[in-house]
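Below: the structure, in structure tokens.
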Amino acid sequence: MIPSSQKILDHISAANYRPSKLKELARDMGVGQDDYRDFRHRVKEMAAEGTLMRGRQNRYMPAKEEGGIV
């Protein structure tokens, strides 16, 4: 099952989260191979909306952190 946008944001906003690549993020959130494609699409949509930010080496983080590429 694909996590909701809110669950993804909650996970990425956690104090112990460190910026991760899509596959690492999917693994951490328990996304299976069958759902990975839709998960990837959702995360990229969130980044396009400005909810998330893609930083150095394609690592995703909350949009409020500095040093990323928008």
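The values are calculated or read from the model by the stated rules, or taken from the named source; none is laboratory data. Keep in mind it's a predicted model, so treat the numbers as computed, not measured. Heavy atoms of the whole protein, side chains included, go into the accessibility calculation; ligands, DNA and RNA do not. Shrake-Rupley method; radii C 1.70, N 1.55, O 1.52, S 1.80 Å.
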Handout entry: Cα-based convex hull volume of the chain per residue, rounded to whole Å³
Key = 77
Exercise for the section: With an 8 Å cut-off on Cα pairs and a minimum separation of 6 or more residues, tell me the relative contact order of the chain in percent. Expected result: 35
Completion exercise
With every protein chain kept in place and a 1.4 Å probe, the chain has an accessible area per residue in Å² of 72
Exercise for the section: Could you calculate the contour length gain from Ser4 to Arg56, that is, 0.36 nm times the residue separation minus the distance between their Cα atoms, to one decimal place in nm? Expected result: 16.3 nm
